[in-house]
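Asker: Got a structure for you, questions after.
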Amino acid sequence: MSSITKTTDKPDMIVRKMPFEFPNDIDPHWNPDKPEWSHMVNGTSLAMPFLEPYLIRTMRKSLPLIDSGTLKEDVKLYIGQEGQHFQQHRKFNDLLIEKGYAELTNIERQMKQEFDDFEKNRSHKFNLAYAAGFESMALGVAHWLINDREYLFGHADSRVASLVLWHFVEEIEHKNVAIDAYNAVYGHYFYRVYGVIFATLHVIKHSRRAYQAMLKKDGLWNNLRSRWKLLKMTTRFFRNMLPPMIVACLPGHHPSQVKDPQWSLDWIARYDSNTDEFAILDTTNISASFS
Ligand SMILES: [Fe+2]
Ligand SMILES: [Fe+2]
């Protein structure tokens, strides 16, 4: 594993280049007991190579508008982390398309068009509010995925589980950066809340379109039992997501007030100790702590 460390005195963010590979033997139903959940994650993964470059470009445009040298450094690290995320998801998404879900390319085209349109036709304030809003949602998702990891990833394909959990450990790690950038450049509270709601609904819309296409391809979309399982999973998602989203919308909210899950702190500490085989988690014992 190689990494780029930050040069300032703040030691808590680094860009990690993970050695993930997604060979052809990975099943798109990487959690065999939960094909609906597998596709919910696959659908979200599909958005990343379009969403995250958009976040990167938006944050890069914020750099000349930010005075704080520390925040500028954090924005650069944020850009580095998001750059690694979407490149790993690109590899995984290519596998999904190769495995028979060719219609995903149409959905990818729509995603690209919408993000290009935001960049071209909406203000930088809108795009930065979207970035800060998306990061608020990602923080809530990260806590859910980590706290519920036994149910969501237990006995699943470890290569996919490791991708998703690494990504969300880093979403927790850079939780302050986009909101700090938004507050430094614009700081309008109600518009920030609009960004949280807009970005959340926008990402859900695209993920849903993608997992619906995959479930249709599998012949599961019109299967009542499968739809019931999907409804239970989406309910679980909203039950876990709504409380942190409400907190994120409160006046004076800052993500630094949200305590990081111990598991993500342990993941980072273990990575820092340079255990080479650590990148791939053991999903047969995923509820265990690292210590
Ligand atoms: Fe990310
Ligand atoms: Fe992020």
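Asker: Full extension from ASP272 to LYS72: what is 0.36 nm times the residue separation minus their Cα-Cα distance, to one decimal in nm?
Answerer: Answer, rounded to one decimal: 69.6 nm.
Asker: Something else: Kirkwood Rh and Cα-based Rg: tell me the resulting Rg over Rh for the stretch 194-291, rounded to two decimals.
Answerer: Here Rg/Rh amounts to 1.07.
Asker: Sort the following peptides by mean Cβ neighbour count (other Cβ atoms within 10 Å, averaged over residues), highest first: 99-111, 198-210.
Answerer: Taking the mean over residues of other Cβ atoms within 10 Å, the ranking is 198-210, 99-111.
Asker: Taking R0 as 22 Å, what's the FRET efficiency between LYS232 and LEU201 from their Cβ-Cβ distance, rounded to 0.05?
Answerer: Efficiency, rounded to the nearest 0.05: 0.55.
Asker: Separate question: In a Debye calculation with equal point scatterers on the alpha-carbon sites of the stretch 31-285 and no solvent, what is log10 I(q)/I(0) at q = 0.09, 0.15, 0.16, 0.17 Å⁻¹?
Answerer: The calculated log intensity ratios at q = 0.09, 0.15, 0.16, 0.17 Å⁻¹ are -0.39, -1.13, -1.29, -1.45.
Asker: Further question on the same structure: What distance in nm separates the simple spin-label points at GLU114 and ASN147, each placed 7 Å from Cα in the Cβ direction?
Answerer: 2.8
Asker: I would also like to ask the following. Mind telling me which of SER162, SER136, SER123 comes out most flexible in a GNM of the chain, alpha-carbon contacts under 10 Å?
Answerer: Residue with maximal mean-square fluctuation among SER162, SER136, SER123: SER123.
Asker: Beyond 25 Å between alpha-carbons counts as too far, so tell me which of LYS76/LYS120; LYS72/LYS205; LYS99/LYS205; LYS232/LYS259; LYS99/LYS216 fall in that bin.
Answerer: LYS72/LYS205; LYS232/LYS259
Read-outs: derived from the displayed coordinates by stated rules, not from any lab. Since the structure is predicted, the reported quantities are computational estimates derived from the model, not experimental observations. In this analysis, Cβ positions are derived from the backbone assuming ideal geometry, glycine residues included, and neighbour counts consider all displayed protein chains.
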